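These notes concern the structure reproduced below.
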Amino acid sequence: MLYLGSSFADATLYGNIDQTYQSTKTTIGGTVSNQQTSIGSYQMGDSFLGVKGEEDLGGDLKASYLYEFGLKTEASATPTNRQSYVGLSGGFGAVRVGKQYSKAFMNTQAADPGGATGGRGALYLYSLVGYDITSDQPLRQDRGFQYDLPSFMPGLNLGFTKTFGNANTAATNTISSTETNGVKVGDGQGFNASYSAGGLYVGLTSDTAKGEDIINTTVGGASIGYDAATTDTNKLTTFALSYNLGMAKPSYMTTKMSAGTATLKTDMFALNVPLGAATLFISTSTGKLDVASASGDLKMKGMQYGVNYALSKRTVAYWHAGNDTVTFSSSGTAAKTTGFGIGVHHSF
């Protein structure tokens, strides 16, 4: 039973529905290897449904909760757990325990005018989505807590994150295969700092995790990445800078990930231009993956551009397009993917 009122935590239902006509094409060495036209829900973020609430516990102490389901509105699919946490806030700051968006992802969002869309060209997503295809990390972090310090000055935000891999560290490991010689695979920690005042935003995050792949994905059917050893420490750093001039918002972002002998670095420059109800954006990215063997080295470049048109405060029509090229250093072969999407996004 759901109670609403001053004696219980108020509940707010929220979500969004996004549907897109989209097309992608990948060529390897000039030959088409994959081409697809479909209906999807990724151009403005996946569709989802959530419930959240807050309860006043007296004084300045408050309790909060959030549970958010990912939905596939274009096809039948089982809902997924995007976020689920409970928290307390007060004079000590705020702490949230459960599954949450990482501070690294939130920091990059401040500089990406495309909003981490499903379109091509935003190479930093290799760091946040391609990190490990068996989990959401580090886009979202499981089994952890985030602590936001109380504000010491207007616009300044500081915080810490701790995650747990739930590895079995007993002397004889007969339950979990995610522990080797006492290494707690998946355990991690991090810090974040940001400052926002007027039109300026500056943000820095740093996270580490044990035994997580630096990338585990494919490009044009070819596997790329570095399979981290359980003793490797994966380190991810993000830096974002933007300034809203009113007539335009330029931004810059850089991400760097390392594990063992592998490193992945990406840089993005972007511009957001509002024109009445329409907002135009463009971004250019470069990146490089260095691994122990030259056969796995990659050079990357990308571009993303588009327009969002606000039909109302909650409904946006849009067109997004972009491309990215990954060149395999060992062979010089280039895999290029282009794509576009035309859709409507409604939030509630």
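Can you find even one residue in region 126-146 that is modelled with pLDDT of 95 or more, surrounded by 15 or more Cβ atoms within 10 Å (Cβ to Cβ) and more than 17 Å from the chain's Cα centre (by Cα)? Please lay out each step first, then the result.
Filtering region 126-146 for residues modelled with pLDDT of 95 or more gives 146.
Pick out the ones that are also surrounded by 15 or more Cβ atoms within 10 Å (Cβ to Cβ) and you get 146.
Pick out the ones that are also more than 17 Å from the chain's Cα centre (by Cα) and you get none.
No, region 126-146 contains no residue that is modelled with pLDDT of 95 or more, surrounded by 15 or more Cβ atoms within 10 Å (Cβ to Cβ) and more than 17 Å from the chain's Cα centre (by Cα).
Given the structure, is GLN83 in contact with a Lys or Arg (Cβ under 6 Å, 6 or more places away or on another chain) and either crowded, with 20+ Cβ neighbours inside 10 Å or not hydroxyl-bearing (Ser, Thr, Tyr) (or both)? Give the steps one after another, and end with the answer.
Values: in contact with a Lys or Arg (Cβ under 6 Å, 6 or more places away or on another chain): yes; either crowded, with 20+ Cβ neighbours inside 10 Å or not hydroxyl-bearing (Ser, Thr, Tyr) (or both): yes.
The answer is yes for GLN83.
Residue check: is TYR201 closer than 30 Å to TYR318 by Cα, crowded, with 18+ Cβ neighbours inside 10 Å and modelled with pLDDT of 80 or more? It would help to see each step written out before you state the result.
Details: closer than 30 Å to TYR318 by Cα: yes; crowded, with 18+ Cβ neighbours inside 10 Å: yes; modelled with pLDDT of 80 or more: yes.
When the stated conditions are applied, TYR201 passes them.
Considering PHE348, PHE340, the condition of being open to solvent by 70 Å² or more (accessible area, probe 1.4 Å) and under 17 Å from ALA122 (Cα atoms) is satisfied by PHE340 alone.
Tallying residues that are open to solvent by 50 Å² or more (accessible area, probe 1.4 Å) and not in a strand (DSSP E or B) within region 293-331 yields 10.
Yes or no, residue by residue, for (1) among the charged types (D, E, K, R); (2) modelled with pLDDT of 90 or more; (3) open to solvent by 80 Å² or more (accessible area, probe 1.4 Å):
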{"position": "TYR3", "(1), (2), (3)": "no, no, yes"}
{"position": "PHE8", "(1), (2), (3)": "no, no, yes"}
{"position": "ASN16", "(1), (2), (3)": "no, yes, no"}
{"position": "TYR21", "(1), (2), (3)": "no, yes, yes"}
{"position": "THR31", "(1), (2), (3)": "no, no, yes"}
{"position": "TYR42", "(1), (2), (3)": "no, no, yes"}
{"position": "PHE48", "(1), (2), (3)": "no, yes, no"}
{"position": "GLY53", "(1), (2), (3)": "no, yes, no"}
{"position": "ASP56", "(1), (2), (3)": "yes, yes, yes"}
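The values are calculated or read from the model by the stated rules, or taken from the named source; none is laboratory data. For clarity, every value in this text was computed on a predicted model and none was experimentally measured. Counting neighbours? That spans all protein chains shown, and the Cβs are built from the backbone with ideal geometry, glycine included. Areas reflect the complete protein model, heavy atoms only, side chains present, ligands, DNA and RNA absent. Shrake-Rupley method; radii C 1.70, N 1.55, O 1.52, S 1.80 Å.
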